[in-house]
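Novice: Have a look at the structure that comes next, please.
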Amino acid sequence: MAVLFTVCLITSNLLATKVFAIGSKITLPCAVLVFPLSYILNDCFTEVYGYRKARLVIWLAFAMNVLTVLFGQIAVWLPAAGFWQGGEHFDFVFGMAPRVVLGSVLAFLAGSTLNSLVLSKMKVASGGRGFGWRAILSSFAGEFCDSLIFMPIAFWGTPFRTLVTMMLVQVGFKVLYEIVILPVTSAAVKRLKAVEGEDAYDSGISYNPFKINDIE
C-alpha cells in the first residue's frame with residue numbers, strides 16, 4: 001500500500017503535464033485521475049495503522065517524489081544523442097518549472113498530513129464510528145489545503161477568478177471521486193482490520209508532522 005501510495009504521487013506529477021477539457025469551460029490536469037487514490041490510501045493507513053505510521057509513509061513518498069524530480073531534471077540537462085528526436089517532448093514532461101515542483105511537494109505534504117490528522121482526531125472523538133463521513137470530511141480538508149497551496153504557486157499570474165474556479169472544480173472533482181469509491185475504501189479498511197488485527201486509536205500521541213521517528 002505504501003508503494004502504491006508513492007506510485008500514485010509520482011504518476012500524478014507526470015500526468016499533470018496534460019490538461020483535459022470537460023465541455024467548453026471546465027479544464028483539469030490529468031493528475032486528478034490518479035491523485036485522489038493517494039487520499040483514499042491515506043485514509044486506510046490512518047484508520048487501520050494510525051497517524052504515526054501514515055505520517056512516515058507520507059514522508060517516504062515525499063522523498064521518493066523529490067528523487068524522481070531530481071533524476072528527471074538531470075536527464076533533461078544531459079545532452080541528447082544526435083539521432084534522437086524526442087528531446088522537446090521529453091523536456092516538456094520531465095523539465096517541470098521550479099515553482100510547479102515547489103507547489104507540488106508543499107501541497108502534498110500539507111494536504112496529506114492534514115487529511116491524516118483530521119481523520120485521526122475525528123476517529124478518537126467519535127469512538128471509531130462513521131468511517132464514511134470521517135473519510136469524506138478529512139479528504140475535503142486535505143484536498144482543499146492541497147489546492148489552496150498548489151494552484152496559486154503553480155499558476156501564478158492566472159486571473160483570480162479563473163484560479164478560484166480551477167481550485168473549486170478540482171477539489172469538487174476529487175471529493176466526488178472519493179464519495180463514488182467510498183464503498184471500496186470501506187470494504188478495504190474492514191478487510192485490513194480483520195487481516196492485520198489492528199485498529200489504531202491515536203490517543204495521547206504527538207501530531208507534530210516532523211516527528212517521523214515516533215512510530216511503534
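Novice: Once you have a ≥ b ≥ c as the square roots of the Cα gyration tensor eigenvalues for segment 111-181, tell me rounded if a/c is under 1.5, and otherwise prolate or oblate according to whether a/b is larger than b/c.
Specialist: On the way: a/c = 3.95, a/b = 2.16, b/c = 1.82.
In terms of gyration-tensor shape, prolate.
Novice: Determine which lysines satisfy two conditions relative to Lys211: a Cα distance under 30 Å, and not lying fewer than 8 residues away in the same chain.
Specialist: Reachable lysines: Lys53, Lys121, Lys123, Lys174, Lys190, Lys193.
Novice: Leaving ligands and nucleic acids out of the surface, order Met167, Met1 by accessible area at 1.4 Å, largest first.
Specialist: Working: Met167 25, Met1 85 Å².
The most accessible residue leads, giving Met1, Met167.
Novice: Starting from the amide H of Thr27, placed 1.01 Å from N in the peptide plane, find each other amide H under 5 Å away whose residue is 5 or more places distant or on another chain.
Specialist: Ile22
Novice: Would segment 98-146 count as rounded, prolate or oblate if I go by the C-alpha gyration tensor, calling it rounded below 1.5 in a/c and otherwise prolate when a/b exceeds b/c, oblate otherwise? Don't jump to the answer; show the numbers that get you there.
Specialist: Working: a/c = 5.12, a/b = 3.01, b/c = 1.70.
Verdict is prolate for segment 98-146.
Novice: Find the accessible area per residue for segment 157-203; the probe is 1.4 Å, ligands and nucleic acids are left out, and the unit is Å². Write out the running numbers ahead of the final one.
Specialist: Details: 2970 Å² over 47 residues.
Accessible area per residue: 63 Å².
Novice: Read phi for every residue in segment 179-195 and hand back ³J(HN,Hα) as whole Hz from Karplus 6.51 cos²θ - 1.76 cosθ + 1.60, θ = phi - 60°, with x for Gly and Pro.
Specialist: Karplus values, whole Hz, x for Gly and Pro: 5, 5, 8, 4, x, 5, 4, 5, 5, 5, 5, 4, 5, 4, 4, 5, 6.
Novice: Rounded to whole Å, give me the distance from the Cα center of segment 159-199 to that of segment 35-86.
Specialist: 19 Å
Novice: Which whole-number value in Å³ per residue fits the convex hull of the alpha carbons of the chain? Before the final figure, lay out each step's value.
Specialist: Working: hull volume 31.1 nm³, N = 216.
Given the Cα convex hull of the chain, per-residue volume reads 144 Å³.
Novice: Moving to a separate point now. What part of the accessible area of the chain, given as a whole %, is carbon or sulfur when the probe is 1.4 angstrom?
Specialist: Details: 8220 of 11440 Å².
The C+S portion of the solvent-accessible surface of the chain is 72 percent.
Novice: For Ile181, Ile58, write out the residues from largest to smallest accessible area, computed with a 1.4 angstrom probe and no ligands counted. All intermediate terms of the calculation are to be shown ahead of the outcome.
Specialist: Values: Ile181 45, Ile58 5 Å².
So, going from the largest accessible area down, we get Ile181, Ile58.
Novice: Continuing with the same structure: What list of ³J(HN,Hα) couplings, whole Hz, do you get for segment 32-46 from phi and the Karplus terms 6.51, -1.76, 1.60, once you set θ to phi - 60° and write x for glycine and proline?
Specialist: With coefficients 6.51, -1.76 and 1.60, one gets 5, 6, 10, 4, x, 4, 5, 6, 5, 5, 4, 4, 5, 4, 5 Hz.
Novice: What shape does segment 152-210 have by the C-alpha gyration tensor, where a ≥ b ≥ c are the square roots of the eigenvalues, rounded means a/c under 1.5, and otherwise prolate means a/b greater than b/c and oblate the rest? Don't skip to the answer; put the middle values down first.
Specialist: Numbers: a/c = 4.65, a/b = 1.81, b/c = 2.57.
Oblate, since a/c reaches 1.5 and b/c is not below a/b.
Novice: Treating only the Cβ of Lys, Arg, Asp and Glu as charged (+1, +1, -1, -1), what charge dipole size does segment 65-186 show about its Cα centre? Round to the nearest 20 debye. Could the numbers behind the result be given before it?
Specialist: Values: 7 positive and 5 negative charges, 114 e Å.
Using only the charged Cβ atoms, the result is roughly 540 debye.
Novice: Counting pairs of alpha carbon atoms under 8 Å apart in space and at least six apart in sequence, what relative contact order in percent does the chain give? Please list the in-between numbers first.
Specialist: Values: 244 pairs, mean separation 59.5, N = 216.
In percent, rounded to a whole number, it is 28.
Novice: Something else: In whole Hz, what ³J(HN,Hα) sequence does segment 47-63 give by Karplus (6.51, -1.76, 1.60; θ = phi - 60°), x for Gly and Pro?
Specialist: Coupling constants for segment 47-63: 5, 8, 9, x, 4, 5, 6, 5, 4, 5, 5, 4, 5, 5, 5, 4, 5 Hz.
Novice: Name the trypsin sites (Lys or Arg not before Pro) in segment 17-52 that are in a loop by DSSP and that have at most 15 other C-beta atoms within 10 Å, would you? Each step should come with its number before you reach the end.
Specialist: Details: sites: Lys18, Lys25, Arg52; in loops: Lys18, Lys25.
Taking segment 17-52 and a limit of 15 other Cβ atoms within 10 Å, the loop trypsin sites (Lys or Arg not before Pro) found are Lys18, Lys25.
Novice: In addition: What residues qualify as long-range amide H neighbours of Gly50, i.e. H under 5 Å apart, gap of 5 or more or another chain, H built at 1.01 Å from N?
Specialist: So Gly50 has HN proximity to Ala200.
The values are calculated or read from the model by the stated rules, or taken from the named source; none is laboratory data. Fair warning: this is a prediction, and the values are worked out from it, not measured in the lab. A quick note on method: Cβ atoms are made from the backbone with ideal geometry, for glycine too, and the neighbour counts reach across all protein chains shown. These accessible areas exclude ligands, DNA and RNA; they are computed on the full protein's heavy atoms, side chains included. Shrake-Rupley method; radii C 1.70, N 1.55, O 1.52, S 1.80 Å.
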